[in-house]
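The values are calculated or read from the model by the stated rules, or taken from the named source; none is laboratory data. Since the structure is predicted, the reported quantities are computational estimates derived from the model, not experimental observations. Here the Cβ is made from the backbone with ideal geometry for all residues, glycine too, and neighbour counts use every protein chain on show. Keep in mind that these areas ignore ligands, DNA and RNA; they rest on the heavy atoms of the full protein, side chains included. Shrake-Rupley method; radii C 1.70, N 1.55, O 1.52, S 1.80 Å.
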Amino acid sequence: MSDTKRLITAEDLLKLRLPSDPQISPDGSKVVFVVKVINEEKNKYFSHLWLVSTDVGEPRQFTQGEVNDSSPRWSPDGKWIAFIRTRDKQTQIYVIPADGGEARQVTRLEQGSISQMEWSPDGTRLAFIYSKTPAEWTEKAAEERKKTNRSTPPRIITRLHYKLDGVGFLGERNHVWVVDVEDGEARQITDGDYDDASPVWSPDGKMIAFVSNRAADPDETPYEVDIWIVSADGGEIQKVPTPTGYKGGLAWSPDGKLIAYVGVETQEDPWVPKNNHVWVVSPAGGDARCLTTALTRTVGNVTLSDTRDASFESTARWAGNEKLVFQVSDEGSCRLYTVGLDGGAPKPMFTYKVDVSGFSVDVSGESVAVMMGGATQLPDV
């Protein structure tokens, strides 16, 4: 028998399909995920949504075109999928029926970035983070300069934190917005010279929690991140007292009694090695409680690979009201763990060496969709 193995060529890289962000439907019957491909002719990446049954059946491509679709999120009733689409450097939110059909554009915002989208519990609105591109740096402004033979203006830097790998120069501040899915009316509900992130709805749909560093100079004290709560209609914000330190990945418990977050108590530079942990705190106030003090590894995925996008946003997801699911990195692997509110030690869901780069939990808390790969295996659902 002849040996059919051969060396990898540069052309082989064009055939790679890179999946990410597996989102399980509320009833646990399907998973929607993102697949990024390389278009050789146009020398560009494109990404689309794919759908697969958790029972039987082949995965099928769900969206098409020369676009970059990302961040699919199921509506609470499982009838719609919201997602973020970028086409010709314009990014907007769309929704598409879960059983197939035409995608409908929801937002019509000015050029900028949209991320961290989440449905309201009643399925009528979407909360998201939006940062507008400064007027002089939009595609429209560049075209106008080209028509009139004007040069590119100087970029004036006034912040210590002004640029980010994979993003480039930062736009205006990130704030929480809410959009009505039916009529597309979008409303900014946080403001100020601060960046906001990780918006999550309260189970009754009346409030939104988010994280923000609202210190005198957030760039000088990046660890002063707090949890804040604001009405879903906007208004005065309220701080939830927590230990000083980095925070993110908020998740409101189904019964509304607790907010979980991933973070660390510290007042050090962000690049000093430290382990993140899973915490819970009452939105009404009270001492935050660390659930993973027995863990000697960091919560979240800090592995790196050239066969998937890097994702450093750590999160914990509720499986019912008494248990949380989260990632833990250890010796080049990343596994899923669970921890209860009873004070017991965190437990791995499996022990073999893999790289879990994304996950989601269904409404019942009994099924988890996982994006899993390894050192010699491309990630898959």
Among (1) open to solvent by 100 Å² or more (accessible area, probe 1.4 Å); (2) part of a loop (DSSP other than H, G, I, E, B), TYR194 falls short only on (1)
Those residues of the range 175-191 which are part of a loop (DSSP other than H, G, I, E, B) and charged (D, E, K, R) amount to GLU182, ASP183, GLU185, ASP191
One residue is enough: does the range 333-343 have a residue meeting the conditions at pLDDT 90 or above and under 24 Å from LYS30 (Cβ atoms)? yes
Exactly one of SER120, SER115 is in contact (Cβ under 8 Å) with a residue 60 or more places away in the chain and among the hydroxyl-bearing types (Ser, Thr, Tyr), and that one is SER120
Picked from the range 202-227 (must be of a type in the set (Gly, Ala, Ser) and without any contact (Cβ under 8 Å) to a residue 24 or more places away in the chain), the residue surrounded by the most Cβ atoms within 10 Å (Cβ to Cβ) is SER212
Flagged in the range 267-278 as touching a Gly at 6+ places or on another chain (Cβ under 8 Å) and not in a loop (DSSP other than H, G, I, E, B), in numbering order, are HIS277
Listed by first then second residue, the pairs whose first member lies in the range 228-252 and is polar (S, T, N, Q), whose partner is outside any strand (DSSP E or B), with beta carbons under 8 Å and at least 6 positions apart or on separate chains, are SER231/ILE189; SER231/LYS206; THR242/ALA288; THR244/TYR223; THR244/GLU265; THR244/THR266; THR244/GLN267
If we keep only residues of the range 1-33 that are touching an Asp or Glu at 6+ places or on another chain (Cβ under 7 Å) and within 14 Å of THR307 (Cα to Cα), then the residue most open to solvent (accessible area, probe 1.4 Å) is LEU14
Selection from the range 198-219 of residues polar (S, T, N, Q) and assigned to a loop (DSSP other than H, G, I, E, B) yields SER202, ASN213
Of the residues in the range 134-150, those that are open to solvent by 40 Å² or more (accessible area, probe 1.4 Å), at negative phi and of a type in the set (S, T, N, Q) come to THR148
- prompt: Within the range 292-309, can one find any residue that is touching a His at 6+ places or on another chain (Cβ under 8 Å), modelled with pLDDT of 95 or more, buried (at least 19 other Cβ atoms within 10 Å of the Cβ) and hydroxyl-bearing (Ser, Thr, Tyr)?
  reply: yes
Looking across the range 79-108 at residues that are over 17 Å from the mean Cα position of the chain (by Cα) and surrounded by 18 or more Cβ atoms within 10 Å (Cβ to Cβ), the single one that is nearest to LYS30 (Cα to Cα) is ALA98
Scanning the range 303-325 residue by residue, those within 21 Å of VAL34 (Cβ to Cβ) and of a type outside the set (Gly, Ala, Ser) turn out to be THR303, LEU304, ASP306, THR307, ARG308, ASP309, PHE312, GLU313, THR315, ARG317, VAL325
Here the residues within the range 238-249 that are of a type outside the set (Phe, Trp, Tyr) and either open to solvent by 40 Å² or more (accessible area, probe 1.4 Å) or not in a loop (DSSP other than H, G, I, E, B) (or both) are GLN238, LYS239, VAL240, PRO241, THR244, GLY245, LYS247, GLY248, GLY249
Considering residues that are part of a strand (DSSP E or B) and either among the aromatic types (Phe, Trp, Tyr) or open to solvent by 10 Å² or more (accessible area, probe 1.4 Å) (or both), the number found within the range 228-237 is 3
Within the range 109-133, of all residues that are in contact with a Gly (Cβ under 8 Å, 6 or more places away or on another chain) and open to solvent by less than 20 Å² (accessible area, probe 1.4 Å), the one farthest from GLU172 (Cα to Cα) is SER120
Note on the range 48-78: residues more than 23 Å from TRP177 (Cα to Cα), open to solvent by 30 Å² or more (accessible area, probe 1.4 Å) and in contact with a strand residue (DSSP E or B) (Cβ under 7 Å, 6 or more places away or on another chain) are TRP50, SER53, THR54, PRO59, ARG60, GLN61, GLN64, GLU66
Restricting the range 312-322 to residues that are surrounded by fewer than 17 Cβ atoms within 10 Å (Cβ to Cβ) and either in contact with a Ser or Thr (Cβ under 6 Å, 6 or more places away or on another chain) or under 25 Å from GLN377 (Cα atoms) (or both), the one modelled with the lowest pLDDT turns out to be PHE312
